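The structure appears below as structure tokens.
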Amino acid sequence: MAHSAVSQVSVAVPVGSDSSIRRSVFKAHTLSFCGTLRAPVLTLDLSTKNARSKKGYTICMSVQQANAPKVAVSPLQLEDAKEPPLNTFKPKEPYTATIVSVERLVGPKAPGEVCHVVIDHGGNVPYWEGQSYGVIPPGENPKKPGNPHNVRLYSIASTRYGDSFDGRTASLCVRRALYYDPETGKEDPSKSGVCSNFLCNAKPGDKVKITGPSGKIMLLPEDNPNATHIMIATGTGIAPFRGYLRRMFMESVPTYKFGGLAWLFLGVANSDSLLYDDEFSKYLRDYPDNFRYDTALSREQNNKKGGKMYVQDKIEEYSDEIFKLLDEGAHIYFCGLKGMMPGIQDTLKRVAVERGESWEEKLSQLKKNKQWHVEVY
Ligand code: FAD
């Protein structure tokens, strides 16, 4: 059954002394989200009430916040809970939510398409950062005629307050799954991924059946606000980390004041494929002592051996620091396609051997200490 979470919902009140900035910031949050800086961004006039540039483009939210204070959110009851909500809605009785917006996150030279999908759950399907929602696409399951499609899982890319900062929305970062005929190289729409295409094609107001939230592996351990978090993402694996980083650097939550180090490694194909880069670049400017951000662009950069630059090559570059941080208790998280893990594990193993350490022992220690978090699909 649904939580009666309407009582938890609260309105975000941006902090700050300048009322014109307050108005502008608030307006920006209610207007729209842009993932990367694709629209021409012109002079920013924080004294105007509306959130438009002089040419009338809607400016990306995070650009508007370039000099803005954190957004003070009214704490949800979720902040007091000892355990995360789990499977509030199950596949047999999913919650019918509403699409708020769908925006392409990547530029024209990115291979494939990734979309940012904001879903209004009305405060009825609360979650913690790092959890996933299930989505049941409309239509019939071809393998089980007369039955709905199977649930597809998507990591939630927002904090528990959502991009709306009021606890009523959740955002997903979805790669459109396309099928290309290996012989002709042509796209075959009849075989395209059902759910990802449904989500990427959805329009505001469309209904979407969701289940969950699920997952405990990627929860952000908040008992120590000064901890170090090393986040390794490939592609849409960025989703949970966007949620973490917004909680750490964008929202002002009375019960969670982050004072540690968050270090994000993001691997994508090229610079047009970077996801949420404007948000992360802003944290880098605003919190240089608490945030590090390294990208591996496989089709644009070379590793030191002259091959493609993958996320494990970046890890290798900083391996001494990473191993030291792990020895000091850092948490390390991995999220993205399954195929990312073997290359990363090989690199970590090689580095350990070079340091005269046993990777097997180190890994089992990290797992025992609950420092090792993996969600790959
Ligand atoms: P499906 O319809 O299930 O098809 C699956 C794949 O098979 C597609 O690539 C499709 O192109 C291909 N295919 C379909 N038909 C054929 C055919 N006849 N022959 C050959 N190939 C075919 N995905 C995200 O984008 N973002 C996330 O944040 C995310 N988080 C996840 C978290 C977890 C814990 C898990 C388990 C998965 C996550 N996924 C995520 C993956 C997601 O659940 C789906 O698997 C993905 O979106 C594809 O689902 P689909 O319905 O679009 O494709």
Going through the range 235-261 in order, the residues found to be among the hydroxyl-bearing types (Ser, Thr, Tyr) and within 11 Å of the ligand (Cβ to nearest atom) are Thr236
With the first residue restricted to the range 190-203 and required to be of a type in the set (D, E, K, R), and the second required to be near the ligand (Cβ under 6 Å from one of its atoms), Cβ contacts under 8 Å at 6 or more apart or on different chains are Lys191/Tyr179
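Criterion first (without any contact (Cβ under 8 Å) to a residue 24 or more places away in the chain, closer than 25 Å to Gly215 by Cα and in contact with a helix residue (DSSP H, G or I) (Cβ under 9 Å, 6 or more places away or on another chain)) does Leu326 satisfy it? Walk me through it before giving the result.
Values: without any contact (Cβ under 8 Å) to a residue 24 or more places away in the chain: no; closer than 25 Å to Gly215 by Cα: yes; in contact with a helix residue (DSSP H, G or I) (Cβ under 9 Å, 6 or more places away or on another chain): yes.
Against the criterion (without any contact (Cβ under 8 Å) to a residue 24 or more places away in the chain, closer than 25 Å to Gly215 by Cα and in contact with a helix residue (DSSP H, G or I) (Cβ under 9 Å, 6 or more places away or on another chain)), Leu326 does not qualify.
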Note on Ser74: of the conditions (1) in a loop (DSSP other than H, G, I, E, B); (2) under 23 Å from Pro148 (Cβ atoms); (3) hydroxyl-bearing (Ser, Thr, Tyr), unmet is (2)
Those residues of the range 319-343 which are touching a strand residue (DSSP E or B) at 6+ places or on another chain (Cβ under 7 Å) and surrounded by 17 or more Cβ atoms within 10 Å (Cβ to Cβ) amount to Ile322, Leu325, Leu326, Ala330, His331, Ile332, Tyr333, Phe334, Cys335, Gly336, Met340
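No value in this document is a laboratory result; all are computed from the given coordinates. All of these numbers come straight from a predicted model, not from anything done at the bench. Note that each Cβ is placed from the backbone with ideal geometry, even for glycine, and that neighbours are counted across all protein chains shown.
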